[in-house]
Amino acid sequence: MEELVRELDEHGFIPLDGLVPEPVLEVMRRGCDDLIGRTRRMRHSTQGWQLEAEGEGGGWAARAAGRAGIPGKVRVVGRAHEHSPELAEVPELLGLNEHVVEPLHGLRGDFYNSYLWAKPSEVGSEKPWHQDALFLAEEFYETYEDVFTIWIAVDDAREDNGCLRFLPGSHRGQVLQDPHGIDRDDLFASPREPSLDIDRLWPDLTPVTLPRHAGSAVLFGAFTAHTSSANTTEDQRRAVSYVYSLPRRGTAGGGR
Ligand SMILES: O=C(O)CCC(=O)C(=O)O
């Protein structure tokens, strides 16, 4: 564990290989399929449910322009645990707080949110370089110091279907984007954030591409710059992330 804590401190993310045993992965597949199935009759993105669309900027641009998305081609579902009993039980089944968050942070976290990142086949759009801290309200830092996102691949996430890429060491600075225009109650309605210019901001850092087998995960903090490319393949790339807020060390500890 000490080695992992060191790696996390150094890079801002750590791979967690084989985190999810097959029976739990099967629960996750069912949960994802159910949520995706519910979007087959949707025409337009709604709060928390983001459909993909053809063209530049994918579903984000379509939504901002009031254009329809593609039924069944869902890109993101926020608060996935509130919509899917299967996805809601995964943190307990895996003991994420107890066995992952606490040993790495020293305190348990407070559950913050979960997302289905269903990068659909052929039209799954890229996610520009960003730091998740951009989306956290200023008050967040009064109680918490960071988040851990535990992003779990439900399908094999490869370079060609949009696995994540990270910039090791980018977490050491501050939030580098302008939060103007971010709607924290409805993140997907926010204008799509411009990509961080990583070459200019961190000329000495080198991005790392992190393919993940289904059932493997990656854990990262809110300040670690990351991105994922478009999925132009015939395979969907489903992933689910569970996000925990990390209480400031030295204050009363976290929740469940
Ligand atoms: O899964 C993706 O494509 C993007 C995920 C992401 O950016 C995140 O979890 O913060």
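The values are calculated or read from the model by the stated rules, or taken from the named source; none is laboratory data. Please read all numbers here as calculations on a predicted model, not as lab measurements. So basically every Cβ, Gly included, is an ideal-geometry build from the backbone, and we count neighbours across all protein chains shown.
Candidates SER229, SER245, SER241, SER216: the one that is within 16 Å of the chain's Cα centre (by Cα), modelled with pLDDT under 95, of a type in the set (S, T, N, Q) and surrounded by 14 or more Cβ atoms within 10 Å (Cβ to Cβ) is SER229. Of everything listed in (1) part of a loop (DSSP other than H, G, I, E, B); (2) touching a residue at least 40 places away in the same chain (Cβ under 8 Å), the single unmet condition for ARG41 is (2). Which of (1) at pLDDT 95 or above; (2) out of contact with any Phe, Trp or Tyr (no Cβ under 9 Å at 6 or more places or on another chain); (3) more than 21 Å from TRP60 (Cα to Cα) does TYR141 not meet, given it meets every other one? Every listed condition holds for TYR141 apart from (1).
All of VAL90, VAL74, VAL100 fail the test of being of a type outside the set (S, T, N, Q) and within 13 Å of the ligand (Cβ to nearest atom), apart from VAL74.
Please determine, by comparing only the residues of the range 103-148 that are part of a helix (DSSP H, G or I) and touching a strand residue (DSSP E or B) at 6+ places or on another chain (Cβ under 9 Å), which one is nearest to the ligand (Cβ to nearest atom). My answer is ASP132.
Against the definition (within 15 Å of the ligand (Cβ to nearest atom), aromatic (Phe, Trp, Tyr) and touching a His at 6+ places or on another chain (Cβ under 8 Å)), how does TRP151 come out, yes or no?
On the way: within 15 Å of the ligand (Cβ to nearest atom): yes; aromatic (Phe, Trp, Tyr): yes; touching a His at 6+ places or on another chain (Cβ under 8 Å): no.
No; evaluated as a whole, the condition is false for this residue.
Residues in the range 221-240 that are outside any loop (DSSP other than H, G, I, E, B) and over 19 Å from ARG158 (Cβ atoms): GLY221 only.
Could you tell me whether ALA53 is under 18 Å from the mean Cα position of the chain (by Cα), of a type outside the set (Phe, Trp, Tyr), assigned to a loop (DSSP other than H, G, I, E, B) and modelled with pLDDT under 95?
Details: under 18 Å from the mean Cα position of the chain (by Cα): no; of a type outside the set (Phe, Trp, Tyr): yes; assigned to a loop (DSSP other than H, G, I, E, B): yes; modelled with pLDDT under 95: yes.
Here the answer is no, as ALA53 does not meet what is asked.
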